[in-house]
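> Before we start, here is the structure in question, set down as structure tokens.
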Amino acid sequence: MLGAWEYLVKHPEKLAGWALEHLWIILVAITIAIILGVIVGIYITGRGKEHMADTVLYLAEIMMTVPSLALFGLLMLLLTSVGLKAIGFLPAVIALIIYGQLPILRNTYMAIRGVDPAMIEAGKGMGMTERQLLVKVKLPLAVPVIMAGLRNAIVIIIGIAAIAALIGAGGLGAPIFRGLRNARMDLIILGGVSVSILALLVDAFMNQVERWVTPEGLKRR
Amino acid sequence: MMIKLDLVTKVYPDGTEAVKEVSFEVEAGELCVLLGPSGCGKTTTMKMINRLIPITGGKIYINGGDSTKMNENELRRNIGYAIQDIGLFPHMTVGQNIGTVPSLKGWPKAERNKRAEELLELVGMNSGEFIDKYPSELSGGQCQRVGVARALGADPPILLMDEPFGAIDPITRVRLQDEFLKIQQDIKKTIIFVTHDIYEAIKMGDKVALMKEGQLVQYDTPANLLYRPKNEFVEDFVGADRALKGLQLIRVKEVMTSSLPTVKADEKAEAARERMEQEGIDWLVVVNDDGKFLGWVGKAELGKGELVKEVMNSSAITVTVNTVLNEALSLMLSSGANNLPVVSKDNRLQGVLSFDIIRKALTEVSQRRQSE
Ligand SMILES: Nc1ncnc2c1ncn2[C@@H]1O[C@H](COP(=O)(O)OP(=O)(O)O)[C@@H](O)[C@H]1O
Ligand SMILES: [Mg+2]
């Protein structure tokens, strides 16, 4: 513990560098994961798409069960075969997007499917088109559940992002793995504690975001 | 003819024949009640009118036009819709809820707000207080009111209401019914009103369509349903206490005594005694200088003080000219009062309703039944 503190005091710029790398990777991954997950989640709630929804959710679930090291390996193979850079930032971000999909997809899907039928009937009965129904009724009502999925995804992504250091993506995983290789306890602790603190900070931030995006009338209950 | 159903039939995909060749017509400005036991097809019939449920046989004409040929969203925006579960949007304020259809129709915001304020006042709610509240902050009765206001949002000529006062306590329900009838006198909408409550049907309907197992059994005025039942089913559904139900058809204003001796609260008790002797009665209604109802004073109490206001009994139990006799009677029975003051909205005294008057009316409606 003391060692980790001394290292931090001596090389604050190193820790800042790893933290920034880590943040950058998860920021890019989360942004893309949200957009992708919410859009696909909404799409598969459409009429007559029940079968597709089952398939998509099943696939997302399977992806979650693939160990992260195996997934990184697979991605490296895949990227090499299409001539892209197989180590570093790109495979890391892709893997994180994949891991974030299940909670976002599933919650978006369930939230929209779970909207009270009386709400939908009221909207339809007043002459809303399918799109108006989605934008004015279903989505706002689904926000709390979608947000829960999002926070879930973020926690997963922050954790797995540490492992991405193995494929050269840097971030807070870098000191951990270096510490493991060289039996440097101080580096391991520094990296591990930093990941935890980062997760807490991001969660606090998401708390605030949740407050911003939840419709006023749904908060007071 | 605002709404016309012509041999309308609904067979659900699972084979349930929910509505069988139902035909009836509703004139503009009329309130038509769809009545019948649970599962008889009332809701299905109503939802075929705004095409929430696709029709499988026959035709529905709105204002002369075949409803299936109209754009369904346009159709629905011109038919107000209020349902039992209310369906207020919890993420929208009261004002936004009421402005739903106006917003779909592209009204500018200022106009929507003005309309929402108007409608809140119309349904008896203070617009300043409620327009920015959320549904979760309202009571059940207030939600129902907002539900009605929302249905009236873009001033549609037609209203569909599915048990709109179903989920509230009996006292609030009676009040909402009365208020709604009063509103309807002004707005004169063409209304389809679903209920399984015979009392509500008789009270609210210009016409009642009584349904059984998907078929229309009798389409008639409430009086005819009571006194000229078409067959045994109608007779059974109407029930044995027909005379009491007949009281639903009579409103206080039709039978009340409007010229009655009163005394002001700050007059002398002696003056009250003189007036009683003049009129040959032993009680007087007490009003204030503006003619607002305050209470009663009886002969026996006059000696107990100098001024009327010192000896009077204050009371808050009142009826209005639009109360139906049935409800006035139950108010009398529950309060033990033999006379009920009839007051206007601002509590101004308009007349009095006595137990004797109700008894006379009851005798008349029972005789009406026997002479049929
Ligand atoms: N979506 C549906 N699919 C199959 N049967 C239905 C459906 N909706 C209603 N029904 C049936 O149609 C009949 C009439 O229902 P409904 O119109 O809701 O009756 P009511 O409003 O008079 O209680 C009932 O037997 C009901 O079970
Ligand atoms: Mg029903």
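The values are calculated or read from the model by the stated rules, or taken from the named source; none is laboratory data. Please read all numbers here as calculations on a predicted model, not as lab measurements. Backbone-built Cβ (ideal geometry, glycine too); neighbour counts: all protein chains shown. Areas reflect the complete protein model, heavy atoms only, side chains present, ligands, DNA and RNA absent. Shrake-Rupley method; radii C 1.70, N 1.55, O 1.52, S 1.80 Å.
> For the pair residue A:80/residue A:213, report the inter-label distance in nm, with labels modelled 7 Å from Cα in the Cβ direction.
3.8 nm
> Going by alpha carbons, how many degrees (0 to 90, nearest 10) lie between the helix axis of A:50-65 and the longest principal axis of chain A?
10 degrees
> I've got another one for you. Could you state how much accessible area residue B:199 has, in square angstrom rounded to the nearest 10, with a 1.4 Å probe and all protein chains kept in place?
Approximately 80 Å² of residue B:199 is accessible to the 1.4 Å probe.
> In peptide B:132-138, how many Cβ atoms from other protein chains are near each Cβ within 10 Å, on average? Kindly include the intermediate steps, with their values, before the conclusion.
Numbers: counts 1, 1, 7, 2, 5, 3, 0.
Counting Cβ atoms of other protein chains within 10 Å of each residue's Cβ and averaging gives 3.
> Could I ask something else about it? Once the Cβ-Cβ distance between residue B:231 and residue B:38 is put in as r, and R0 is 22 Å, what FRET efficiency do you end up with, to the nearest 0.05?
The calculated FRET efficiency here is 0.60.
> Tell me: how much accessible area in total is hidden between A and B, 1.4 Å probe, Å², nearest 100? Let's see the in-between values first.
Numbers: alone 12440 and 17570 Å², together 28040 Å².
Chains A and B together bury approximately 2000 Å².
> Please identify, among A:193, A:93, A:143, the residue showing maximal mean-square fluctuation in a Gaussian network model of chain A using a 10 angstrom Cα cutoff.
Of A:193, A:93, A:143, the Gaussian network model singles out A:193 as fluctuating most.
> Over the range A:17-215, what is the relative contact order in percent, taking alpha-carbon pairs closer than 8 angstrom and at least six residues apart?
Working: 230 pairs, mean separation 54.0, N = 199.
Here the relative contact order equals 27 percent.
> Could you give each residue of the range A:19-32 its phi-based ³J(HN,Hα) in whole Hz, using Karplus coefficients 6.51, -1.76, 1.60 with θ = phi - 60°, and x for Gly or Pro?
4, 5, 4, 4, 4, 4, 4, 5, 4, 4, 5, 5, 4, 5
> Take every Cα-Cα distance within the range B:3-243, group them into 5 Å bins from 0 onward, and report for each bin the whole-number percent of pairs it holds.
Over the range B:3-243, the share of Cα pairs per 5 Å bin runs 1, 6, 14, 18, 19, 16, 12, 8, 4, 1, 0, 0 percent.
> Okay, next question. Pull out the extension gain between residue B:306 and residue B:109, defined as 0.36 nm times the separation in residues minus the alpha carbon to alpha carbon distance; nm, one decimal.
Numbers: separation 197, 0.36 × 197 = 70.92 nm, distance 6.03 nm.
Once the chain is fully extended between residue B:306 and residue B:109, it gains 64.9 nm.
> Given B:288, B:317, B:333, which one lies farthest toward the positive end of the charge dipole of the range B:253-363, if we put +1 on the Cβ of every Lys and Arg and -1 on the Cβ of every Asp and Glu?
It is B:333.
> If you count, for every residue in A:125-134, the Cβ atoms of partner chains within 10 Å of its Cβ, what is the mean? Write down the numbers at each step before the final one.
Working: counts 15, 17, 17, 6, 3, 1, 0, 4, 0, 0.
That works out to 6 on average.
> Here's something else I'd like to know. Heavy-atom accessible area per residue, the range A:17-215, 1.4 Å probe: how many Å²? Before the final figure, lay out the partial values.
Values: 9640 Å² over 199 residues.
Counting only protein heavy atoms, the per-residue value for the range A:17-215 is 48 Å².
> Let me have the 222 nm mean residue ellipticity of the protein assembly as shown computed from DSSP H runs of 4+ only, each contributing -39500 (n - 2.57), with the sum over all residues rounded to the nearest 500. Walk me through the numbers on the way to the answer.
Working: 27 runs with 317 residues, N = 593.
Using -39500 (n - 2.57) per qualifying helix, the result is -16500 deg cm²/dmol.
> Right, another one. List the residues, sorted by chain then number, that are 5 or more residues from residue B:218 or on another chain and whose placed amide H is less than 5 Å from its amide H.
Those lying under 5 Å, H to H, from residue B:218 are B:210.
> At 37 °C and a viscosity of 0.692 mPa s, what translational diffusion coefficient does Stokes-Einstein give for the protein assembly as shown, taking Rh as the Kirkwood radius over Cα pairs? Give it in µm²/s as a whole number. Working shown, then result.
Working: Rh = 29.6 Å.
Diffusion coefficient, whole number: 111 µm²/s.
> Give the relative contact order (percent, whole number) for the range B:3-243; include only Cα pairs under 8 Å separated by 6+ residues.
The normalised contact order for the range B:3-243 reaches 28 percent.
> Shifting gears a bit: Taking every DSSP beta bridge with both residues inside chain B, roughly what % is antiparallel (nearest 5)?
Working: 34 of 57 bridges.
So the antiparallel bridges in chain B amount to around 60 percent.
> Could you work out the mean count of beta carbons from other protein chains within 10 Å of each residue's beta carbon in B:103-111?
On the way: counts 3, 7, 1, 0, 0, 0, 0, 0, 0.
If you average over the peptide's residues, the count of other-chain Cβ atoms is 1.
> Could I ask something else about it? Under 10 Å, Cα contacts only: if you run a Gaussian network model on chain A, which one of A:103, A:67, A:91 comes out with the highest mean-square fluctuation?
Highest fluctuation of the listed residues: A:67.
> May I pose another question? Could you identify which residue out of B:215, B:185, B:144 has the top mean-square fluctuation in a GNM of chain B using Cα springs shorter than 10 Å?
So, out of B:215, B:185, B:144, the one fluctuating most is B:185.
> How much of the accessible area of the range A:17-215, in percent, comes from carbon and sulfur atoms when a 1.4 Å probe is used?
Details: 6890 of 9640 Å².
Here it works out to 72 percent.
> Given the range B:253-363, what percent of its DSSP beta bridges are antiparallel, to the nearest 5?
Numbers: 15 of 19 bridges.
DSSP beta bridges in the range B:253-363 are roughly 80 percent antiparallel.
> Enumerate the calculated ³J(HN,Hα) couplings along the range B:3-8 in order (Karplus 6.51 cos²θ - 1.76 cosθ + 1.60, θ = phi - 60°), each rounded to whole Hz, writing x wherever the residue is Gly or Pro.
Per-residue couplings from phi come out as 10, 9, 9, 10, 6, 6 Hz.
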